Structures are given as structure tokens and as C-alpha cells.
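In what follows, a single structure is set out as C-alpha cells and then discussed.
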Amino acid sequence: MHNYLKSVIASGILLFLVYNGCSQDHPKQMDIQQNLIQIDLTELTSEKYLGREAGLDGNEQAANFISKRLQQAGLLPLKQFAESVKPEEYFQTFEITGMDPSQVKSSLSISTGDRLFTTKSGLDYHYFFNSVQRLDQKSEIVFAGYAIDAPEYDYNDFEGINIEGKVVLAFYGEPLQNDSLQFFYGIHQTHYLMEDWKARAVADRGGNALILIPTPDNLEFYTRMLDRKSKQKTSVNFILEEETAVPVIYLTADFAERWVGPWMESHFKAENQRIREELSQQSSIKLKWHAPELASAIVSLKLDYENPEVRVCRNILAMKQGTGEFDEYILVGAHYDHEGMKDGKIFPGADDNASGAIANLHIALAYAGLNKKDLTKHHIIFAFWDAEEKGTLGTRYFTDQPVIPLEKIRAVFNMDMIGRDASFNFAALRQPMKDENAENQVMLFYSAQSPGLEEFAKDANKDTGLDLLFDPNVYFTSGSDHRSFHIKQIPVIWYFTGFHTEYTSPEDTADKINFKKLTRITRHIANFSYQLANNSSIPDFDRSILSAPEGAFSR
């Protein structure tokens, strides 16, 4: 039997025992009112907050608005258990560093034997600011396969090679990414293909930079990705200065073909076929990529920056203490920042993500009103994340610099875009469309490693009557703040009501929100989080689950 199905059955048995042992109903004091949600969402999207761009005055005022409401309700700041608090004590402050592409200076040349390849930025290679590290280096290139270390697949590209102080060359993507074999989750993507993950892996092993090249399996996707990134190159890119990463250089497909095309043609397909044959006989493989043709390659790489922009951002962290039976936490979160202003126009961000932030605020206020007899067994954290629009930097900072031990967080809720009757078809970003029964639909993406979450969600839906569509994910490669926690092997649940043409535009306004639906979703999350927080047996993160019926949108 498939290990995911085994876990589903085991979770069902556990839930039967739990539900028959004690009631998990939410208390009647969980008062959530549609008119108050509408008032607060209209406020948060008003012009005074200037589109809530991370690190700017408008978003600072939004943070003050949210923290003041939390204080007035009597909720404590997470990092300080005190009866008398100031609004700023709710903040976890952090800095982000931004770089205008015009202020980035770079040069790259590669020599192999008697050949010297000089390059031009934007034509032969691209660098999109992702590290504060400055370089002026001439060293050998070390080839490291895909620059992936994935213990769950018994796969490590770094085994037996020394990259300390050197520049690493690696394939973009992941092994056999177009194959249906279960190895590396078949045609589904894993987080190991993400460039930030590879950059961290190289940095952790002492490497100085990472150069990526496409493969025959991902050439078309790679070219589109570079084209998209290049069109955004006029924007200031922001990073966490504390985050461990090395600069990532992308060689264009044309330059990669001139340099390593013959070797790729003769080697890559043959090696992939060998992997497939070995995997047909066993579930894992010790893979060792060889590139003797590149052994003598020397790279000269220079990177320098001028006039970095530093901004101060604020995660807002409040809590409702439980009974103390368990010194553990359920975290309910949503980002409150948005795009700010562009070309003199304010981007209100009503759906993205005033909808999630205000839902979170009213869940917090409902918990604040609980009687002592209704307190949950676990503590509840209410987190309002900053700098999500800059690359989920708020949650990346929190998970790297946690206020509490991460192992004490048993589950994380994320609300991002939960206020519309939209579509789960990505094409809806380009053309107006709605799914059938859209006014009732909400998508729940959740950690496939915690299949028991689905039954909790269904039970919490008894008095909200939503059409819940479930999608278990083994990996999250994009999306929103939940990814930062799932990578740390904490169960996550992400609520989402679909794409629409007003996404990240000045037209994402409060009048387009379906407040009745948003209120029902808010109540559902309050019910669901209460049931988890008041339960003695919360679904664990089962690391052995490496596949799931992802994309099935089951009910």
C-alpha cells in the first residue's frame, strides 16, 4: 500500500479516537462579524497607507494600526509575556537590503585550455542581485551536478568534492524532472530546484559563487525564466543580508551551448538513461556526475555594488496563551505588506493581502474574547508578516531567527488572497474567468506529510458550508509564506480563493471583495485552528511521505 494512503488511514483512525474521546467544537464566544471585517479591510486599503510597501512609511502605519488593535484586545506580544505593553513590543524588526540593477557591476570570463571565453552581461550571462557578497576571484570551476543534497532520495551532488573557496558550476533544475519515475517526485517539482536553495547549499559548503546552465530537459523553461527575470531587471531586488547564500550567475542558453554544448550532447542523455535503468531496479541511486572536460576550466568573476538601499521591516507577533497543558503553539499568519505605489498610482492590495491580514486580525480578536474555560491546550500565535512581496523575507527571517523554538510550532495557517470569487486556473491572471460554484470555493493547499489535516478541516466546516478543495503538497516551490515553514518540516495549511485580472494592480480594491465569503472563511480558520489547538494529538510531519495525489483538488 502507498505510504501516503497508509498515513491517511492511520490519521483517520486517530481522529476517530480523538473525536470520540472529547468534543472539539469551537466555543460560542468566537464572534466574527462581517460588518467589522469590511470596516477594517476598507481602512487597511485606504490611501493613507500608500499601498503598504515593505519598509516604507505607509506600511509602518499599517503595522501600527494592526498592533494597536491587538493591544486594545489585550493580546500579549509573543516575545514578552507582560501585562503592560507598548505597541512596538509586538514587532520583530529586521532589515532588508535592496539593489538597483544599475548599481551592480559585474564581469565574467572563462578559460578552458587554450580557449578564452569573454562575456557580456545581459547577452552571455545574467546576474540578479541575490547576495551582498562582493567578489574579485580567479579560480578553478568545480562541477557539482545539480548542486543538490537531498537525503530523502539518497542523493548528494557534493559528495566527494571540495568546493571551498571555489566557483561551482551546476545544472539548473533537478534530476529527471520530466520523467514520471518517483525519483525526485517524478514530474512534480521539489524545492531542491529553487535557485535560493542551491545557493544556500553551496554557501554552507564554503563555495564562493554558483553558475547555472540549462539542460536539454529544461532548456525552454530556462529560457522563459531568464526572459521574465530580465524584464524585471529594472526593479530593485531585496534580500535578507543575514541569509546565507552565494551569488548566482545564469549563463544564457546560447553561451552555454558555445562553451559546454558538445560535452552536454554526448554526456547528459547517456547519463540520464543510465539513471533510469538503475532506478527501474531500485528505489534510490548513488549518483555521481562526471565532467572531465571541464576539469581545467578557470573562471574570473567580479561582482561589486554601489549605494545599497536598507529598509527596516516589521513582523507583528501576538499570542493568546493556552491552558499550559502543552508548551506548544499553533501559528495563524498572513502577510500585510503589498506593492506600494508605481507610476504615481496606489496599489491597494485588497485581496493581496488585506483579505488575509484582516481575517487574521479578526481571528485574533475572537480568541482574545475567550472565557478562561474555553482556553485551548496549546498557545496560539497570530503573525502578520512583512516583506512577503519582496520574496517572503519576513517568514524567512522568522524561521532563521525564531522568537521561540521552531520545534514547538505544531502547525501553521497561512491566508493569502482569500477574498474573491475567482479561479484556480492561472490563465485567470490574463483573462476574466470564474470557476463553477466560485462563491463557495476555497482552496486548501497543505503539507502532504500531514494527511490528517484534511479531516480536521472538514470537521471545522460543519457550520460554514464552504466548498473545500484540497491539494496535498509534498513540496512548495513558490506561492507564499507557508513555504518557509514547510521547508522546516512544520505542517502548513494555505487558504486561497483564486487568480484574477486585478492581481497586483491598482484595481485590487475593497469594493471587489466578497465579504460574506471572506467572513465564512475567517470563521472556518478560527474553527480549524481552535480544534487543532485544543487537541492532544496534532498530526505530525511524516518525513517518509514522498508522494501524494497533488493537483487532484479533492473534496
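Rule-based calculations on the coordinates, nothing more; no lab input. Just so you know, these numbers come straight off a predicted model, no measurement behind them. Glycine also receives a Cβ, built like all others from the backbone with ideal geometry; neighbour counts cover every protein chain displayed.
Structure summary
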quantity: Helix-derived mean residue ellipticity, 222 nm - over the chain, DSSP H n ≥ 4, -39500 (n - 2.57), to 500; calculated: -8500 deg cm²/dmol
quantity: Note, ³J(HN,Hα) from phi for the stretch 58-66, Karplus 6.51, -1.76, 1.60, rounded to Hz, x at Gly and Pro; calculated: x, 6, 4, 5, 5, 4, 5, 4, 5
quantity: For the chain, share of DSSP beta bridges that run antiparallel, in % to the nearest 5; calculated: 60 percent
quantity: Of Leu41, Phe413, Gln321, farthest towards positive along the dipole that unit charges on Lys, Arg, Asp, Glu beta carbons give the chain; calculated: Gln321
quantity: Förster radius 41 Å - calculated FRET efficiency between Met433 and Gln489, Cβ distance, rounded to 0.05; calculated: 0.70
quantity: Charge sum, other residues only, whose C-beta stays under 13 Å from Ala73's C-beta, Lys/Arg counted +1 and Asp/Glu -1; calculated: +1
quantity: Given charges at beta-carbon only (K, R positive; D, E negative), |dipole| of the stretch 101-305 in Debye; calculated: 640 debye
quantity: Kirkwood hydrodynamic radius over Cα pairs of the stretch 101-305, then Stokes diffusion coefficient at 4 °C and 1.567 mPa s, in µm²/s; calculated: 74 µm²/s
quantity: Student exercise, the chain dipole from Lys, Arg, Asp, Glu Cβ charges, in Debye to nearest 20; calculated: 460 debye
quantity: Cα gyration tensor shape for the chain, rounded if a/c is under 1.5, else prolate or oblate; calculated: prolate
quantity: The stretch 448-555: C-alpha pair distances exceeding 24 Å, %; calculated: 32 percent
quantity: Theoretical FRET efficiency, 1/(1+(r/R0)^6), r = Cβ-Cβ of Val310 and Ser547, R0 30 Å, to 0.05; calculated: 0.10
quantity: Length-normalised contact order of the chain in % [C-alpha pairs under 8 Å, at least 6 apart]; calculated: 21 percent
